[in-house]
Amino acid sequence: MAKRWVKKIDDQGFSHGVGRRKTSSARVWIKEGQGRIVINKKHHDMYFFSMDDRMKYLEPFVLTDTLGMFDTFVLVRGGGTTGQAGAVRLGVSRALMWYEPSLRHTLKKAGMLTRDPRMVERKKPGKAKARRSFQWVKR
């Protein structure tokens, strides 16, 4: 029997999603509203300065034509700005999926519901970095 996706909305009307990327972790809550986006108690423009990062976490809303329909509250920890933007994107995608399960197919097709498994490669003994060798000296 096929797995059914049903709405998961709490008493206050919030839908929740968790996203991770590299060492960043984001917890996202969405509910119907005026389109406000608050990240760590700051307006999203004040938290992410780079346009690339802003476009990254707005991508699920643009893809599903729901930009400006939901108030979004995000708590994000760890990593740098790129990892955090990726974590927020995955969290927003999952929260949208639980709010409106009919959006799952669109998000899944675009790859928004897949966690990016790439992590920083560890440093190896006898090497300067993970793969870079020390400079070769002839004599």
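The values are calculated or read from the model by the stated rules, or taken from the named source; none is laboratory data. Remember, it's a predicted structure, so these values are computed and weren't measured experimentally. Positions of Cβ are generated from backbone atoms using ideal geometry, with glycine treated the same way; all protein chains shown enter the neighbour counts. These area figures cover heavy atoms from the full protein model, side chains too; ligands, DNA and RNA do not enter into them. Shrake-Rupley method; radii C 1.70, N 1.55, O 1.52, S 1.80 Å.
Here are a few things to note about the model shown:
- Against the numbered list (1) touching a Ser or Thr at 6+ places or on another chain (Cβ under 7 Å); (2) open to solvent by 70 Å² or more (accessible area, probe 1.4 Å); (3) within 15 Å of V28 (Cα to Cα), Q84 comes up short only at (2).
- Taken over region 20-67, the residue count meeting the criterion of being without any contact (Cβ under 8 Å) to a residue 40 or more places away in the chain, over 14 Å from the mean Cα position of the chain (by Cα) and within 17 Å of M112 (Cα to Cα) is 4.
- Any hit, region 55-63, residues being touching a strand residue (DSSP E or B) at 6+ places or on another chain (Cβ under 9 Å) and either modelled with pLDDT under 90 or of a type in the set (V, I, T) (or both): no
- Restricting region 87-113 to residues that are in contact (Cβ under 8 Å) with a residue 12 or more places away in the chain and assigned to a loop (DSSP other than H, G, I, E, B), the residue that is surrounded by the most Cβ atoms within 10 Å (Cβ to Cβ) is M112.
- Residue within region 5-16 that is open to solvent by 50 Å² or more (accessible area, probe 1.4 Å), closer than 15 Å to L103 by Cα, basic (K, R) and not in a helix (DSSP H, G or I) present: yes
- For region 33-88, a residue qualifies if it is basic (K, R) and touching an Asp or Glu at 6+ places or on another chain (Cβ under 6 Å), and exactly one does: R36.
- Test: residue in region 21-32 that is open to solvent by less than 60 Å² (accessible area, probe 1.4 Å), among the hydroxyl-bearing types (S, T, Y) and either within 24 Å of D10 (Cα to Cα) or touching a helix residue (DSSP H, G or I) at 6+ places or on another chain (Cβ under 9 Å) (or both): yes
- From the options D45, D52, residue that is acidic (D, E) and open to solvent by 70 Å² or more (accessible area, probe 1.4 Å): D52
- One residue alone among V120, V137 is assigned to a loop (DSSP other than H, G, I, E, B), in contact with a Lys or Arg (Cβ under 9 Å, 6 or more places away or on another chain) and exposed (fewer than 14 other Cβ atoms within 10 Å of the Cβ), and that residue is V120.
- Qualifying residue in region 68-79 (condition: closer than 22 Å to R118 by Cα, buried (at least 21 other Cβ atoms within 10 Å of the Cβ), aliphatic (A, V, I, L, M) and touching a residue at least 12 places away in the same chain (Cβ under 8 Å)): yes
- Matching residues, region 33-42, being open to solvent by 40 Å² or more (accessible area, probe 1.4 Å) and on the phi > 0 side of the Ramachandran plot: K41
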